[in-house]
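Have a look at the structure below, then the notes.
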Amino acid sequence: MGRRPRGDPETSPIAGTMTASVKTADAVVIGGGIMGASAAHFLAKRGFGRLVLLEKGRLAGVSTGHSAAIVRTYYSNPITLELAKRALHMFENDRDLLGGDGGFRPIGFLLLIGERLRAAGEHILESERRHGLHVERLGVKEVAELAPPVSLDGVSYGILEPRSGYADPTRTTENLVAAARPWGLEPRPGVAATGVRLHGDRVVAVETEDGTIATNVVVNAAGPWAGQVGSWLGLRYSLRWSRESDLFVEKPAGFGDLPVVSDPGLRVYLRPCGDDRIIAGLGAPKDIEPVDPDDCDPALDPEMRARIERPLFQRIPALANARHLGGYASLYTITDDWHPIVGPEPGLEGYYAFFGGSGHGFKLGPPIGEALADVICGEPPEIDLSPFRPARFIDGEPLTSAWGEGNRG
Ligand SMILES: Cc1cc2nc3c(=O)[nH]c(=O)nc-3n(C[C@H](O)[C@H](O)[C@H](O)COP(=O)(O)OP(=O)(O)OC[C@H]3O[C@@H](n4cnc5c(N)ncnc54)[C@H](O)[C@@H]3O)c2cc1C
């Protein structure tokens, strides 16, 4: 468990070698996606002191800003169920708990279950209920009433999370950062971290493109570049990257309302995007599209467009003639069990990992950030994060899922 650092960074052994431009901070967070913004927000809210958030580009500029930002609670592990439950509460109360209106739209989340996934569906219903989440089992007639454009071909029943929905990922991230400024957070967009200095086994400074920041606490929330940040400290993480795309189509006239729809059988998900568009992407289980994070073409390619459209039009035939409105590609950062790596590294004082959300890390960012802030402050978090500890793989305790491998969790 991490501890609040002892001593003043300015009197640490390297301080004497620093130039007058050296700044000090009580903690430095590397990465301005949802994970870094959440860690910084909740540390600041706890009164941790002077905090710097380094973001080499712009806030939410990589995976977070391209997230479909679906906030749903169907998970199959106690930790992810509890975190998703907390996330839903946070998004429902975003003005009080996430620093402002993050555009959360609680339009409901509908999971379509076919014969092949019946057992996984029953497991989800039972798990969600056991964790106090409101979830409804819908017959096909009720699915048709709730979501008229959905073809019922191959659907045995639906699982509805009436409170779930989606948020605006960029606005959520920006809110978390802006709200924390009066509490001591200094965001530094456009400034990359370039190194972390140790004295013995203790973090003493973060090097940046714009000088050195003396600090005893660093949070690695560098998303796709978290492995690079870890390597500065001699840490090696097993990470893979996948190029993930979403596309937009215009809502046809008279289309009506839809909840978020996820079809694990056809492996597609979709949701409204504002009032006049639908956003859709390929659902789990995923085929990884390997990519170098430094060389990820952000354009939707024609082959991927066709792969998304095929199941999308099968499930929502009314979209087949709708106007295509473009799309994009971004990055999943994937750990060996598709769950984030979070927490301290034994033997390395002042370093905390917080990355690897694959395709489900947006909603989990704020509740994990809240719990990690407790850990950094030396207090037990309400939700125990130890199942996400970096060493779980060598301990032989990766997380598993009722859905098999992938980001459903
Ligand atoms: C297409 C797509 C759809 C998705 N849909 C959903 C969904 O519906 N629901 C859901 O919950 N999740 C979803 N996700 C997953 C979710 O978006 C990610 O898990 C989450 O955004 C990861 O956040 P992050 O902060 O770890 O990474 P990022 O958002 O990538 O942020 C990391 C940041 O670190 C910065 N950085 C890196 N190195 C440095 C450095 N040296 N110095 C300074 N800054 C640095 C980067 O510039 C970047 O901005 C989706 C993802 C994608 C790609």
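Do we have residue 102 as in contact with a Ser or Thr (Cβ under 6 Å, 6 or more places away or on another chain) and within 11 Å of the ligand (Cβ to nearest atom) here? The answer is no for residue 102.
Name the strands (runs of 3 or more DSSP E) wholly within segment 113-206 that hold at least 1 residues that are open to solvent by less than 60 Å² (accessible area, probe 1.4 Å), touching a residue at least 40 places away in the same chain (Cβ under 8 Å) and in contact with a helix residue (DSSP H, G or I) (Cβ under 8 Å, 6 or more places away or on another chain)? Spell out the reasoning first.
Details: elements: 136-138, 157-161, 185-189, 193-199.
Where strands (runs of 3 or more DSSP E) fall fully within segment 113-206 and carry at least 1 residues being open to solvent by less than 60 Å² (accessible area, probe 1.4 Å), touching a residue at least 40 places away in the same chain (Cβ under 8 Å) and in contact with a helix residue (DSSP H, G or I) (Cβ under 8 Å, 6 or more places away or on another chain), they are 157-161, 185-189, 193-199.
Checking the conditions here, which among 323, 310 is away from the ligand (no atom under 14 Å from the Cβ) and in contact (Cβ under 8 Å) with a residue 40 or more places away in the chain?
On inspection, the qualifying residue turns out to be 323.
Scanning segment 28-59 for residues that are part of a loop (DSSP other than H, G, I, E, B) and more than 6 Å from the ligand (Cβ to nearest atom) yields 46, 47, 48, 49, 50, 58, 59.
Regarding residue 240, is this residue of a type in the set (D, E, K, R) and open to solvent by 40 Å² or more (accessible area, probe 1.4 Å)? Yes.
The residue pairs whose first member lies in segment 335-360 and is within 18 Å of residue 69 (Cβ to Cβ) and assigned to a strand (DSSP E or B), whose second member is among the charged types (D, E, K, R) and modelled with pLDDT of 95 or more, and whose beta carbons are closer than 6 Å, counting only pairs six or more residues apart or on different chains, do not exist in this structure. It is to be established whether one or more residues within segment 141-148 are at pLDDT below 95 and under 28 Å from residue 267 (Cβ atoms). No - not one qualifying residue is present in segment 141-148. Might you let me know whether segment 391-399 holds any residue that is aromatic (Phe, Trp, Tyr), open to solvent by less than 40 Å² (accessible area, probe 1.4 Å) and either at pLDDT 95 or above or touching a Gly at 6+ places or on another chain (Cβ under 7 Å) (or both)? Looking for residues that are aromatic (Phe, Trp, Tyr), open to solvent by less than 40 Å² (accessible area, probe 1.4 Å) and either at pLDDT 95 or above or touching a Gly at 6+ places or on another chain (Cβ under 7 Å) (or both), one finds none in segment 391-399, hence no.
What do you reckon, is residue 368 in a loop (DSSP other than H, G, I, E, B) and either assigned by TED's automatic domain parsing to the domain that holds residue 116 or in contact (Cβ under 8 Å) with a residue 40 or more places away in the chain (or both)?
Taking the combined requirement at face value, the residue does not satisfy it.
In the set 285, 224, only one residue is open to solvent by 20 Å² or more (accessible area, probe 1.4 Å) and either in a loop (DSSP other than H, G, I, E, B) or not assigned by TED's automatic domain parsing to the domain that holds residue 136 (or both); that residue is 285.
If you check 297, 263, which single one turns out to be over 26 Å from residue 153 (Cα atoms) and either surrounded by 22 or more Cβ atoms within 10 Å (Cβ to Cβ) or touching a residue at least 12 places away in the same chain (Cβ under 8 Å) (or both)?
297
Quick one: how many residues across segment 60-79 are within 11 Å of the ligand (Cβ to nearest atom) and not in a loop (DSSP other than H, G, I, E, B)? Going through segment 60-79 one residue at a time, the tally reaches 5.
Residue-by-condition table, conditions (1) of a type in the set (Val, Ile, Thr); (2) within 11 Å of the ligand (Cβ to nearest atom):
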position: 228; (1), (2): no, yes
position: 235; (1), (2): no, no
position: 238; (1), (2): no, no
position: 242; (1), (2): no, yes
position: 265; (1), (2): no, no
position: 268; (1), (2): yes, no
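The values are calculated or read from the model by the stated rules, or taken from the named source; none is laboratory data. The structure displayed is predicted, hence computed values, not measured ones. A quick note on method: Cβ atoms are made from the backbone with ideal geometry, for glycine too, and the neighbour counts reach across all protein chains shown. Protein only, heavy atoms only, side chains kept; ligands, DNA and RNA dropped before computing areas. Shrake-Rupley method; radii C 1.70, N 1.55, O 1.52, S 1.80 Å.
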